[in-house]
Amino acid sequence: MTATMPPNANPGLRRLNAFRFSSPQTFYPLAGKILPYFAWAAVVLGAIGLYIGFFVAPTDAQQGEAYRIIFIHVPAAWMSMFIYVVMAFWAAMGLVFNTRLSAMMATALAPTGALFTFLALWTGALWGKPTWGAWWVWDARLTSELILLFLYLGFIALHSAIEDPRRADKAAGVLALVGVVNVPIIYFSVKWWNTLHQGASVSLTGAPTMAATMLAGMAVMALAFWMYAIAAALARVRSIILERERQSDWVHEYARSLK
Amino acid sequence: MIKTLRLVIHRDLLLALRRRADVANSLLFFVIVVSLFPFGVGPEASLLRAIAPGVLWVAALLAAMLALARMFAADYADGTLEQMLLAPAPLTVVVLGKIVAHWLLTGLPLVALSPVLALQFDVPADAIGVLVASLALGTPVLSLIGAIGAALTLGVRGAGVLTALLVLPLYIPVLILGAGAVDAAAAGLDASAHLMLLGALLLGAAACALWPVAAALRIAVE
Amino acid sequence: MIKTLRLVIHRDLLLALRRRADVANSLLFFVIVVSLFPFGVGPEASLLRAIAPGVLWVAALLAAMLALARMFAADYADGTLEQMLLAPAPLTVVVLGKIVAHWLLTGLPLVALSPVLALQFDVPADAIGVLVASLALGTPVLSLIGAIGAALTLGVRGAGVLTALLVLPLYIPVLILGAGAVDAAAAGLDASAHLMLLGALLLGAAACALWPVAAALRIAVE
Amino acid sequence: MLEGVDLECVRGERTLFQGLDFTLERGALLRVAGANGSGKTSLLRIACGLTPPAHGEVRWEGKSIRALKEDYSKRIVYIGHANALKDDLTARENLLISSALAGLEETAEQVCDALERFGVGGCAMLPARVLSQGQRRRVALARLAFSAAFPLWVLDEPFTALDAAAVADLQALLAAQLARGGSVMLTTHQEVEIAAANVRRLDLL
Amino acid sequence: MLEGVDLECVRGERTLFQGLDFTLERGALLRVAGANGSGKTSLLRIACGLTPPAHGEVRWEGKSIRALKEDYSKRIVYIGHANALKDDLTARENLLISSALAGLEETAEQVCDALERFGVGGCAMLPARVLSQGQRRRVALARLAFSAAFPLWVLDEPFTALDAAAVADLQALLAAQLARGGSVMLTTHQEVEIAAANVRRLDLL
Ligand code: HEM
Ligand SMILES: Nc1ncnc2c1ncn2[C@@H]1O[C@H](COP(=O)(O)OP(=O)(O)OP(=O)(O)O)[C@@H](O)[C@H]1O
Ligand SMILES: Nc1ncnc2c1ncn2[C@@H]1O[C@H](COP(=O)(O)OP(=O)(O)OP(=O)(O)O)[C@@H](O)[C@H]1O
Ligand SMILES: [Mg+2]
Ligand SMILES: [Mg+2]
């Protein structure tokens, strides 16, 4: 057990079995095994969600067909915020416990988060043109979402600018934690300032104000995005593990076994 | 602790006194940016008045951003930063001292000079008051947020761009609120909501910025 | 001599390749300055169109001015400049190489990117061509004149401000001619007179700037 | 007492050292020796707490320095390769500020005395920029003259750029530190004799 | 043959030396010695033509170096306190460029050999930023390995930061330069023996 632990893991962690998979070496094959399930789930759910969104859901009375963007826009916007929080969580774990895998997870999540943020912005802009008559307005939610994109990009840029991977993990981790303040701002911006953008219409407490099919479509799409995000992060973390551990014996053995 | 704070501020002001030109630097940059516009845009008064709040705030933001490079880099290069990390006082106090000194040297002069420049652009008197207030509340936020970017990119290849990339998105709200306040005042509206938000930003930044800066400095020196 | 010229240019480009971010620096600065204006001034299309030539040229000038600090300072600090002075090739050739490399890294990207930014401001197509031509003629002048300022202030306390003070008065004609050309084209007038004057400035600067730079470098190293 | 336990240092992809242990008692001097690039500077920085080791820990009087934090900083003086002088401040101001930062309350006269002791009294009012290489090093080291209260001195190549007189001054200061029960950890390529019983040597490969 | 005639050097308000004469023949080594701040670096810079003396002149084969200009530059190698390395370039690139700037046409292999000779072959591909102090100095000095064609080497404290092995390497190179009739002018605080007949010493006060 101890032999498989990263040498710089916190000594306290070595005794805990629950942290077994915080070792890159044990996590690598596990990630490889579960990855295909998530990938397939993403494909299947995505197909179902898009079918509901574009064929089952009724045309909107006010907005016509344009509103169908909602099935991508809203789940993407949710994911963009959620992934950031998860990324910051892993970054914090990495900073506090000095576990390498947590920092690798944070690094692996960033591009996916940036992708969803970009998607939310892009679909939002596409939607804004017919509904508000402008691609872009400087409203609080839109601005804070744009800032979220820049935070993701800044995280990626800072990480790649620092050569020493350990230092890069730590510095980028600090940045990720600083950026967390932006997430509640995005989420509550429509409540705190009255803006052009739609307020929350889905909440856990109140009754949904949307048609059930629309809600179902959005929920399925959100699930699909979830699965995709997990699959992409796992795939990326696997390659990060190989790259970082290329000096170690187990990677050499693994490479030999592939031949 | 107060002693260390005073020491750090005193040291940075003394250094600035020795290199007076360095302080003049960001002030001069501010003045240059603002004054070049009439050359570029042409001398039409109404046009100039319309863009004045934007030009002044953009110039202040750029001046603050460029001054960030000087915040920790020199101390990092000559080994003083290591000594600060090894000092018995908590690092956050040292950081606070450096940020305060930085604002005194780069933010305060802008605030003080802005009315004169605003007059050039024929900004109405009420709006000038709001301009000064918005800069007085906004420039410390720029220094606080900027310190995080400056510390994170210390000793990194191409630190300049990276700092800009990290810091600018966080600066945009300050710019929108600041220029918005002046615009509102120039249009005869009430600017106090904008100013209150700026004040809230300042409090938030002061409460949250010191820890990440200290952490980033520790990482940079490793 | 050609060999030394090529060596110096090659070296500076290689260095830039290593610190890609540094090149991105002045480009990003240009983009940032230009893009911040809509935030500050507000998104009114007619207003933005009116100030576009001024904003673009002021931004280019500032980007060029800020990049001057990097022209000789690093070589001076780490002792490479001494080695260049002791090299068997004439110093003016080395200087020419450094100026060419500097323009390739800071001027050319601005020229290439300016049409995209001009589109943001809704500048008419004809005027965009003139904008590119004016920048292509004007930015080398900025590099040449700037080199004198950068060399004269090498190792001087507060070099930044001093460079700005020395160089800006000489930059203003370039700014007026450049922005004027674009304004004229946007108004449907003929801009060729402006461009010819810019070309003459370029020839003059190329003929006269090398020797003072070389002399200033010799003095700086003493 | 300073102890390093099972230390490992990794730089880039190279492991500089691994499983390194050392102890430094009161009144002892530890000279870290090794070829260029063997990791002496890295070890000293780990010992001060500037760089965390990849593995293992450093203990002061039995407690980990990670846990002690500022309490440990209060006990050490570190003088690195870099002199930590501000070019624009005079030698005297530089020294005043570095002593104040270390929590000492030295007066201007005491600072001038320290400079005098290191043969740079004449430069007290010159900006550090114009000093020669050796004079700069002397100014940085002058801090040691009033660092008797710090039980641990960590010095990285203190003898570089010093002439024979300055080397002798420094040797005397080191001997005094050892005599009063303080400890010294240093690196040097020059063979330097320190008149003390308890000089140990740690070789890095 | 290098000659200094009636040289005077003034820094700020201090006259460092006055009426100083020296000659350096082919095959000879001149060691400039003196306390910290006595003006050794200043003298070396005057000898290279980087700083003009306040009075007097430096002659190469009887002609003033002011008049010779580039013809003189073609004959000397100067390695100062500063290593003239670019932090972002690798050791190999740094050396390639500095040799090309000196008008040599070294190939990448020759450069790697030179680095190898100075024990930094393993660092050839590392950016100079990550090298240790001594490794940086070694990279800077590796230039000497293919500077046999230059009759005059001027070296300011070449031995600082070097470990014993590197010192021996450098001594061998210096001896070879003298043996082939070249001249060397250097400063050092360390007592270093160079196995050559013609070693002279110039003391500054
Ligand atoms: C670039 C422009 C836009 C951005 C950056 C953006 C951003 C966001 C974000 C971050 C959310 C999720 C927040 C939450 O869950 O409460 C969201 C949700 C939503 N957006 Fe947008 N949006 C944009 C444009 C639009 C447009 C033009 C419309 C339609 C007129 C729109 C309609 C919605 C709706 C209906 C929701 C779901 C709100 C809910 O049910 O909670 N968005 N958007
Ligand atoms: N990113 C990196 N990749 C590979 N090696 C690195 C990296 N960073 C540092 N190193 C190596 O780490 C070592 C740093 O050593 P350190 O500065 O501790 O040496 P030192 O023993 O103090 O040497 P010196 O006697 O020259 O001062 C050097 O060998 C350097 O090449
Ligand atoms: N502006 C100035 N005013 C007064 N003194 C100055 C000024 N500039 C330089 N000096 C003095 O000139 C001398 C420069 O000496 P130089 O660098 O040649 O010394 P060095 O013999 O090489 O010393 P080291 O052994 O320390 O390298 C120093 O004593 C310095 O104090
Ligand atoms: Mg070292
Ligand atoms: Mg010297």
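Using Cα centres only, tell me the gap between the range C:134-157 and the range B:105-119 in whole Å.
If we compute the Cα centre of each part, the gap is 28 Å.
Using the Kirkwood formula on the Cα atoms of chain E, what hydrodynamic radius do you get, in angstrom to one decimal?
17.5
Mind checking the angle between helix D:164-179 and chain D's longest principal axis? C-alpha axes, 0 to 90 degrees, to the nearest 10.
Result, in degrees: 60.
Give the angle, between 0 and 90 degrees and rounded to the nearest 10, that separates the Cα long axis of helix B:108-120 from the longest principal axis of the Cα atoms of chain B.
20
Shape of the range B:75-191 from its Cα gyration tensor (a ≥ b ≥ c, root eigenvalues): rounded if a/c is under 1.5, otherwise prolate when a/b > b/c, or oblate?
Verdict is prolate for the range B:75-191.
List the distances, in nm to one decimal, from the label point of C:Leu14 to the label points of the same position in every other copy, shortest first, placing each label point 7 Å from Cα along the Cα-to-Cβ direction.
In nanometres, ordered from closest: 4.4.
Taking beta carbons within 10 Å but only from partner chains, what does the mean come to for residues E:126-133? It would help to have the intermediate numbers written out before the result.
Values: counts 4, 4, 1, 3, 6, 2, 11, 11.
Shielding by partners across E:126-133 averages 5.
Summing -39500 (n - 2.57) over the DSSP H runs of n ≥ 4 in the protein assembly as shown and dividing by its residue number, what mean residue ellipticity at 222 nm do you reach, to the nearest 500 deg cm²/dmol?
After summing the helix terms and dividing by the residues of the protein assembly as shown, the value is -20500 deg cm²/dmol.
What distance in nm separates the two pseudo spin-label positions at D:Thr15 and E:His81, each 7 Å out from Cα along the beta-carbon direction?
Inter-label distance under the simple model: 4.0 nm.
Excluding D:Asn198 itself, what net charge comes from residues whose Cβ is under 11 Å from its Cβ, given Lys and Arg +1 and Asp and Glu -1?
It works out to a net charge of +1.
State the dimensionless ratio Rg/Rh of the protein assembly as shown (Rg: radius of gyration of Cα atoms; Rh: Kirkwood radius).
Using only Cα positions, Rg/Rh for the protein assembly as shown is 0.98.
From the C-alpha coordinates alone, can you work out the Kirkwood hydrodynamic radius of the range B:1-48, in Å?
Its Kirkwood hydrodynamic radius stands at 13.4 Å.
Kindly rank E:162-173, B:60-71 from highest to lowest mean number of other beta carbons found within 10 Å of each residue.
Descending packing order for the listed peptides: B:60-71, E:162-173.
Just the C-alpha atoms of the range A:26-258: what Rg/Rh do they give, with Rh taken as the Kirkwood radius?
My calculation of the ratio gives 1.02.
Taking just the alpha-carbon atoms of the range A:56-169, what radius of gyration and Dmax come out, in angstrom?
When restricted to Cα atoms, the range A:56-169 yields Rg and Dmax of 17.4, 56 Å.
In the neighborhood of C:Phe121, defined by Cβ-to-Cβ distances under 14 Å, what is the net charge if each Lys or Arg adds +1 and each Asp or Glu adds -1?
On the way: positive: C:Arg49; negative: C:Glu44, C:Asp122, C:Asp183.
After counting each charged neighbour, the total is -2.
Taking the Cα centre of chain E as the origin, how large is its charge dipole in debye, to the nearest 20, when only Lys and Arg (+1) and Asp and Glu (-1) carry charge on their Cβ atoms?
It comes to approximately 160 debye.
Please tell me which of these pairs span more than 27 angstrom C-alpha to C-alpha: B:Lys98/D:Lys86; C:Lys98/D:Lys40; D:Lys40/D:Lys63?
C:Lys98/D:Lys40
Among A:Met93, E:Met1, A:Met218, B:Met1, which comes first, then next, by fewest other beta-carbon atoms within 10 Å? Can you show the working numbers first?
Numbers: A:Met93 18, E:Met1 14, A:Met218 23, B:Met1 10.
In order of increasing Cβ crowding within 10 Å: B:Met1, E:Met1, A:Met93, A:Met218.
For a test of the definition: using alpha carbon positions, the gyration tensor, and the 1.5 limit on a/c, classify the range C:2-221 as rounded, prolate or oblate.
Because a/c hits 1.5 or more and a/b exceeds b/c, the range C:2-221 counts as prolate.
Please report, in cubic angstrom per residue, the volume enclosed by the convex hull of the alpha-carbon atoms of the range A:108-156.
56
Positive end of the charge dipole of chain B (Lys, Arg +1 and Asp, Glu -1 on Cβ, about the Cα centre): tell me which of B:Ile51, B:Val33, B:Ile176 has its Cα farthest that way.
Ranked along the dipole, the leading option is B:Val33.
Counting partner chain Cβ atoms within 10 Å of every residue's Cβ in B:164-176, what's the average?
6
Report the Cα-based extents of the range E:159-202 along its three principal axes, largest first, to the nearest Å.
Cα spread of the range E:159-202 along its principal axes, largest to smallest: 27, 22, 13 Å.
Hey, got the average number of other protein chain Cβ atoms within 10 angstrom for residues in D:83-89?
6
Given 20 °C and 1.002 mPa s, how large is the Stokes-Einstein diffusion coefficient of the range E:20-85 in µm²/s, with Rh as the Kirkwood radius over Cα pairs?
162
Provide the FRET efficiency to the nearest 0.05 for the E:Arg180-C:Leu165 pair, computing r from the beta carbons and using R0 = 60 Å.
Computed FRET efficiency for E:Arg180 and C:Leu165: 0.70.
Please list, by residue number, everything in the range B:124-145 whose backbone N is under 15 Å from a paramagnetic label point 7 Å out along Cα→Cβ of B:Arg49.
B:124-128
Bear in mind these aren't lab numbers, they're just calculated from the coordinates by the rules spelled out. Just so you know, these numbers come straight off a predicted model, no measurement behind them. We place every Cβ from the backbone using ideal geometry, glycine too, and count neighbours over all the protein chains shown.
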